[in-house]
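The values are calculated or read from the model by the stated rules, or taken from the named source; none is laboratory data. Quick caveat, the model's predicted, so the values are computed rather than measured. Every residue, glycine among them, receives a Cβ derived from its backbone with ideal geometry; neighbour counts consider all protein chains shown.
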Amino acid sequence: MRILASALVALSLFSASPSLAASAEGTIQSVDPDTLTIVLDDGKTYKLPGEIDMSAIREGIDIVIAYDVVNGTNLITDMEIYE
């Protein structure tokens with residue numbers, strides 16, 4: 001019985017674990033400060049975190065981002081800007 005209980009606990013931990021963040025890199029094609037979104041040259045839209053300093057984000061900058069997909073929205077979790 002202990003083995004079965006341990007197996008069920010382990011299975012529940014694996015099934016509830018969050019997915020790994022995806023990553024993307026490219027050049028910023030457009031910036032929308034009202035919706036806090038950017039569009040990269042791959043055509044995909046990514047949502048910036050609310051506490052971002054928008055003065056550093058502008059079109060033409062090369063960027064590498066890590067993001068999670070939540071309810072169909074690409075939410076940026078980390079980014080590195082190359083100027």
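In this structure, is S55 free of Cβ contacts under 8 Å to residues at least 40 places away in the same chain and either part of a helix (DSSP H, G or I) or in contact with a Pro (Cβ under 7 Å, 6 or more places away or on another chain) (or both)? In short, yes. For V69, the stated conditions do not hold, so it cannot be described as out of contact with any Gly (no Cβ under 8 Å at 6 or more places or on another chain), farther than 12 Å from S23 by Cα and in a strand (DSSP E or B).
Among the residues making up the stretch 45-68, those that are modelled with pLDDT of 95 or more and surrounded by fewer than 13 Cβ atoms within 10 Å (Cβ to Cβ) are E59, G60.
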